[in-house]
Amino acid sequence: MKTTLIILNYNDAERTIKLAQTVKNYNSINHIVITDNASSDDSFARLLEIADDKISVVTSGFNGGYAKGNNFGCRYAIANFSPDILFVANPDVAFDNETAAAMAAALTKCKNLGVVAPLVRKGYNVWNLPGFAGIIESLFLVWFTLDKLLIRKKILNSDKQLVPAGVAEGSFFALTAAAFKEAGGFDERTFLYSEEIILASRLKALGLRTGILRDYRYDHMHSASIKKHYNSSKARTFKHFAESFAIYNKHYLHTTPMQDKIYDLACKLAYGERLVYDFIKNHMP
């Protein structure tokens, strides 16, 4: 099986280069495509310096967000390298060769598997595919975190090595090129957040599920690139968060006008929660 890793960069050349140069030595990854999402710094020039037979560096032309940038990279990889499996990774992750090999093996063996991911070593990268109530829950940091904690415990206590799940976080996962094409990739109406939820929904509609490799791990600096751009503010990123969920509500859950009003009210409360979170975090000794 031929594999390609897609890394989407925006003003984060140092981490992107570190990841690419590490993964370059893995026999589980046949090629690496780095997509620069129209960085406003010197990222693209710096990335071009590491381009070689195994690492391709391309630019999306403008920053259309996570979905558009990763679609560009995945489609470039499919057109130029014909991979069977696509790995999608943020620059702020780290994983070993054995984990990537296990992900590829799971996709090869399980034909009804749409997305596969390991567990993140610290934090939470798995949650249920949300209905409307799940979307409301996801708006609130404390509520959503507690739910992800319970899901992680269930996965760790499972007697299966490949555990069915709802959604795997977009920081690091793999899917087949065939599934990517059949699902139409990521929804480019979103700029940031909920891309993996919509992808999981599209794949589920095709009869493809999400699976988590219980015994494998990866490291994630938890949105280091986003924090760098938004000054680590939960409130500043909330606009993208709320807009992406609204797209999911409208086009995938087909919410009613009453549900939309409930959602708008919940967004105001959730934004307030983030303001409190930012205040406490910025004033802690």
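Each reported figure results from applying straightforward, stated rules to the coordinates on display, with no laboratory input. On a predicted model such as this, the values are computed, not experimentally measured, just so you know. Reconstructed Cβ throughout: ideal geometry from the backbone, glycine too, with neighbour counts over all protein chains shown.
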Using per-residue counts of other Cβ atoms within 10 Å, averaged over each peptide, order 200-213, 98-111, 148-161, 245-258 from highest down. 200-213, 98-111, 245-258, 148-161
Quote to one decimal, in nm, the extra length available between Leu156 and Val276 on full extension: 0.36 nm per residue of separation minus the C-alpha distance between them. 40.0 nm
On a straight-distance basis, which aspartates and glutamates could pair with Lys234 in a cross-link, Cα separation under 13 angstrom, same-chain partners fewer than 8 positions away excluded? Glu273, Asp278
List the lysines whose alpha-carbon lies under 19 Å from that of Lys18, not counting same-chain residues fewer than 8 positions away? Lys54, Lys227, Lys228
Given labels modelled 7 Å from the Cα in the Cβ direction, how far is it in nm from Lys122 to Val142? 2.4
For the stretch 3-283, share of DSSP beta bridges that run antiparallel, in % to the nearest 5: 40
Determine the dipole magnitude for the stretch 3-283: charges of +1 sit on the beta-carbon of Lys and Arg, -1 on that of Asp and Glu, nothing else is charged, the reference point is the Cα centre, and the result goes in debye to the nearest 20. 680
Can you compute the helix-only [θ] at 222 nm over the chain? Use -39500 (n - 2.57) per DSSP H run of at least 4 residues, normalise by all residues, nearest 500 deg cm²/dmol. -15000 deg cm²/dmol
Roughly how many Å is it from the Cα centre of the stretch 242-285 to that of the stretch 45-81, as a whole number? 32
Highest average packing first - 113-119, 1-7, Cβ atoms within 10 Å: 113-119, 1-7
Inter-label distance, nm, simple model (7 Å from Cα along the C-beta direction), Ala38/Asp84: 3.7
Over 29 Å between Cα atoms, which of Lys122/Lys239; Lys153/Lys204; Lys111/Lys261; Lys2/Lys204; Lys109/Lys239 qualify? Lys111/Lys261; Lys109/Lys239
Given the options Val126, Asn80, Ala105, identify the residue whose Cα lies farthest towards the positive end of the charge dipole of the stretch 63-132 (+1 on Cβ of Lys, Arg; -1 on Cβ of Asp, Glu). Val126
